[in-house]
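Undergrad: Mind having a look at this structure? Questions to follow.
Please treat every number below as a calculation from the coordinates, not as lab data. Quick caveat: nothing in here was measured; it's all calculated off a predicted structure. Cβ: placed from backbone, ideal geometry, glycine included. Neighbour counts: every protein chain shown.
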Amino acid sequence: MIYDTEDNLNDRVDAEFVSEKKTESIFGTTMARAAVVQSIYESEVTKNYDSQNIKNLNFYKSLNSSKKKMALSLFDYSINNKIEIDKKIMEHIKDSNIKRIPKTDLSILRMAISELNTNIETPVGVVVNEAVKLGNVFGSDSSKNFINGVLNSMVR
């Protein structure tokens, strides 16, 4: 028996796996960061690293032009510097296998490290706090502590 089904994965990945209660706190710059995290995550899963994919996300579509510019800049940096970013992450974790880090946590770390390394002048504490907040929204119960630990050891 052949089923005629439509592939709605991209529509479903766009924040529907996160409870509405958790996403209520996402707005403004946090929404730009959430769009970047989702795009990095999607790129990792699909192995499609086209920077234009971010433009299909609802979080991205809801942003004003300056936040869209920020999101595109962070996403481009994270994709173009993935190897260097991952090396930095590896320097600050005990495990030597980056594949053991959940993709959501890895996506958040890549976004935060991208923001720390681009010309966006956000205070380090804000970047860390925002990453931890996104870890609470998108990640598991232990994500925020893991993300906080990695980023704090990196910025000391």
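Table: residues versus (1) in a helix (DSSP H, G or I); (2) small (Gly, Ala, Ser); (3) within 18 Å of ALA34 (Cβ to Cβ).
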position	(1), (2), (3)
PHE75	yes, no, yes
ILE83	yes, no, no
LYS88	yes, no, no
ASP105	yes, no, yes
ALA112	yes, yes, yes
ASN152	yes, no, no
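Undergrad: Right, next: Looking at ILE108, ILE113, ILE54, which one is free of Cβ contacts under 8 Å to residues at least 24 places away in the same chain and surrounded by 19 or more Cβ atoms within 10 Å (Cβ to Cβ)? Can you show your working first?
TA: Details: ILE108 fails: free of Cβ contacts under 8 Å to residues at least 24 places away in the same chain; ILE113 fails: free of Cβ contacts under 8 Å to residues at least 24 places away in the same chain.
Answer to the selection: ILE54.
Undergrad: Which residues, counting only those in the range 114-133, are hydrophobic (A, V, I, L, M, F, W, C) and assigned to a helix (DSSP H, G or I)?
TA: LEU116, VAL124, VAL126, VAL127, VAL128, ALA131, VAL132
Undergrad: Another question, if that's okay. Scanning for something more than 16 Å from GLU115 (Cα to Cα) and free of Cβ contacts under 8 Å to residues at least 12 places away in the same chain, does the range 63-76 turn up at least one residue?
TA: Within the range 63-76 (the criterion being more than 16 Å from GLU115 (Cα to Cα) and free of Cβ contacts under 8 Å to residues at least 12 places away in the same chain), the answer is yes, since at least one residue qualifies.
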